[in-house]
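The values are calculated or read from the model by the stated rules, or taken from the named source; none is laboratory data. Note that the structure is a prediction, hence the values are computed from the model and not measured. Cβ atoms come from the backbone with ideal geometry, glycine included; neighbour counts cover every protein chain shown.
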Amino acid sequence: MIDILSVMRDDSVVSHEISQKVLELTTSLVSPRNIKEVIIFLEKEISRACKMEDSASTTNQYRYLLIKSISSITQLYPETIPAVLAPLIENFLRFDGKSTFPSLETILFIREVIEVHKEHRSVIF
């Protein structure tokens, strides 16, 4: 799994399609054995995506792909929600007028967590 994810870490690979395929593959291959590594990777990618320049539409698309992957993984493994909430809130929940789409997707994800997983409400609030 780490070898697959390392494709996205390579700075020479900036293709949106490649990132999308890697995240889709990762989401489909995640298991109890490798969930911890995947969550750690996604936390790092959230921070990295936040530091990317906001001017490129591909940056917002990449952020959306991350949120979509996190949402899929947390539906399968709800125990991972607290680990990904803090990085999402800290990095994507910004209303500076530059990147509102990832902020909106983050809000929708948080709303879903509040509605479906009542045990994680205290972490959010």
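Things worth noting here:
- The numbered conditions (1) among the basic types (K, R); (2) part of a helix (DSSP H, G or I); (3) modelled with pLDDT of 90 or more are all true for R63 except (3).
- Selection within the stretch 81-102 - surrounded by fewer than 19 Cβ atoms within 10 Å (Cβ to Cβ), assigned to a helix (DSSP H, G or I) and either under 14 Å from the mean Cα position of the chain (by Cα) or modelled with pLDDT of 85 or more (or both): P82, A83, A86, I89, E90, F101
- Pairs meeting the criteria (first residue in the stretch 21-43 and under 15 Å from M8 (Cα atoms), second residue loosely packed, with under 13 Cβ neighbours inside 10 Å, beta carbons under 7 Å, at least 6 apart or on different chains) are E37/I2.
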